[in-house]
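I have placed the structure first, in the form of structure tokens, so that the comments after it can refer back to it.
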Amino acid sequence: MSRGEPARVRGAGREGPRATRPVSGLPHHGALVSGSAGEVMASETCTRVWEAAYRQYGRAWEWSARCGKGDPAASREMAAASWAVAAAWRQIASATTLPWWALAAIESAAGAFESQARDYETRDTSEGT
């Protein structure tokens with residue numbers, strides 16, 4: 001799936017709102033497994049990817065806070081980290097059947113990180129000119 005390719009949010013037996021997904025390079029199968037008492041939880045792989053993305057995001061955020069908004073390298077790092085977090089959320093959302101409201105929350109989180117990534121990419125290019 002390519003960046004900007006439309007996808008549908010699944011849930012409750014209906015098509016959900018359109019969303020876009022960045023290229024993540026991550027497999028989209030087997031992201032979630034059933035836990036005890038029928039609960040659904042992310043697979044170990046998805047969990048590790050999600051945790052690594054948030055660690056990357058935390059490091060980028062700290063660097064950006066130290067460097068300030070005008071540092072193009074920090075902006076590039078924040079954009080990359082934001083894309084990674086969005087991709088991790090989308091990997092989880094694409095591989096399971098959750099209630100529509102849970103998928104909506106995951107898609108909303110992914111969308112917010114994608115929007116932030118675009119903002120940092122714009123900031124990086126505008127700082128360079």
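Below is a table of values for the structure above.
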quantity: Helices (runs of 4 or more DSSP H) lying entirely in segment 42-129 (those with 3 or more residues that are in contact with a Gly (Cβ under 9 Å, 6 or more places away or on another chain) and crowded, with 17+ Cβ neighbours inside 10 Å); calculated: 72-94, 100-128
quantity: Subset tally (residues that are of a type in the set (D, E, K, R) and closer than 19 Å to Ser115 by Cβ) for segment 62-101; calculated: 4
quantity: Close pairs (9 angstrom Cβ cut-off, 6 or more residues apart or separate chains): closer than 19 Å to Ala65 by Cα in segment 96-125, assigned to a helix (DSSP H, G or I) and β-branched (Val, Ile, Thr) anywhere; calculated: Phe113/Val85; Gln116/Val85; Ala117/Val85
quantity: Residue in segment 91-107 that is of a type in the set (Gly, Ala, Ser) and under 10 Å from the mean Cα position of the chain (by Cα) present; calculated: yes
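Every read-out reported here was derived from the displayed coordinates using simple, explicitly stated rules and does not represent laboratory data. Since the model is a prediction, treat every value here as computed from it, not as a measurement. All Cβ positions, even for glycine, are placed from backbone atoms using ideal geometry, and neighbour counts span all protein chains on display.
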